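Enquirer: Once you've had a glance at the structure underneath, I'll fire off some questions.
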């Protein structure tokens, strides 16, 4: 009998690389597996693994659907991506024996369940989403909450999630959020295994400014609040700079708000940069105002760079760092109080440096790929998480 572990097939609805946390999770896992000779063989399968002449027209038609109905556009996107993912998985799995299919969301899990040849091809699903993927689309304003599209997405999750072989939750909060509305998910063997990333291997950066944040410019990321905090700090006599890395639909409104609040000279919208981690050590603190997350790789990467973190203790974020240790908790409904907490940290260099050291230590203990990668791999292959 061979001692080699079962091969791993990663099933994802998304392109192999991109700016989302799911794509980063997949790439970090692949990077870890490639670095460890004892790890299983891994193959990434996406809808784009299938024939381009077929998928290009189907995807392009969404541009015609969206103007008429954003909700219909969401369903169109999900349907055709799943169709081509299922076809790609069938081709990939046809010649395989036992393996583990690691699905990155419920549609990818349904495609895997439909494509697998036998039960020896196990399906493990990751829960990256917040409560339900329906809620995430609703938070983006792409579909009405409790509308037809919302209900269809939840119906898919009710049908698929209890059928997978195991579940990986990226936070305790994600586990509680899902099982609170879908109790059947609690009957599936599971483990809470947080996201992880490889440590930075670049030298420290030159100073860039005071504060930094990284994330897609979407309403749920709540960048507007950061600008209100800057304005409150300025009113109190402290002018802090803020660099925002990311791109998205609220870019123009953030520029307008910065001008309205009188903080345009303090804020730089830096756009998307694939090498953003190389810049992080050049700041004094990392700030985060998102009010809905399942986890946050951005916070982990900031801690790796030695930045104390200032964020709200909501959802899973309170699991990532401790108040008064690796950073500070702040409210998301009181910019003046938030500004006082922030300036209290950055004005006390001894406290800031102490939090920075603690952040690096926490990353090495809890978020380093060399520590967490083996845990995830073991669970995927049927071991304990």
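Values in this text are rule-based calculations from the coordinates and carry no lab data. Computed from a predicted structure; not experimentally measured. All Cβ positions, even for glycine, are placed from backbone atoms using ideal geometry, and neighbour counts span all protein chains on display.
Enquirer: Under a crude label model (7 Å from the Cα following the beta-carbon direction), how far is residue 180 from residue 151 in nanometres?
Expert: Those two pseudo-labels are separated by 2.3 nm.
Enquirer: Using alpha carbon centroids, what distance separates segment 139-186 and segment 246-298, in Å?
Expert: Here the two parts' Cα centres lie 29 Å apart.
Enquirer: Taking 7 Å along the Cα-to-C-beta vector as the label spot, tell me the residue 371-residue 172 distance in nanometres, rounded to one decimal.
Expert: Label at residue 371, label at residue 172, 1.7 nm between them.
Enquirer: Report the full-extension gain for the segment residue 119 to residue 323: residue separation times 0.36 nm, less the Cα-Cα distance, to one decimal in nm.
Expert: 68.9 nm
Enquirer: Cα axis of helix 148-160 to longest principal axis of the chain: angle in degrees, 0 to 90, nearest 10?
Expert: Rounded to the nearest ten degrees, it is 60.
Enquirer: Next up: Let me see the pair-distance distribution of segment 271-385: every alpha carbon pair, 10 Å bin width, integer percents in order.
Expert: 14, 41, 32, 10, 2
Enquirer: Can you give the alpha-carbon Rg of the chain over 2.2 N^0.38 Å, where N counts its residues?
Expert: Against the empirical 2.2 N^0.38 Å value, I get 1.02 for the chain.
Enquirer: In addition: Counting only the backbone N, which residues of segment 263-285 are under 13 Å from the spot 7 Å out from the Cα of residue 247 toward its beta-carbon?
Expert: 270-275
Enquirer: For the chain, what proportion of DSSP beta bridges, expressed in % and rounded to the nearest 5, is antiparallel?
Expert: Around 5 percent of the beta bridges assigned by DSSP in the chain are antiparallel ones.
Enquirer: Another question, if that's okay. Does anyone have the angle between helix 21-35 and the longest principal axis of the chain? Alpha-carbon axes, 0 to 90°, nearest 10?
Expert: On a 0 to 90 degree scale, this one is about 70.
Enquirer: If I build a Gaussian network model for the chain, linking alpha-carbon pairs within less than 10 angstrom, which residue out of 289, 38, 142 has the largest mean-square fluctuation?
Expert: Of 289, 38, 142, the Gaussian network model singles out 38 as fluctuating most.
Enquirer: Related question: Roughly how many Å is it from the Cα centre of segment 309-339 to that of segment 88-137, as a whole number?
Expert: Computed from Cα coordinates, the inter-centre distance equals 35 Å.
Enquirer: Going by average Cβ density within 10 Å per residue, which order do the peptides 365-377, 75-87 take, highest to lowest?
Expert: Top to bottom by mean Cβ count within 10 Å: 75-87, 365-377.
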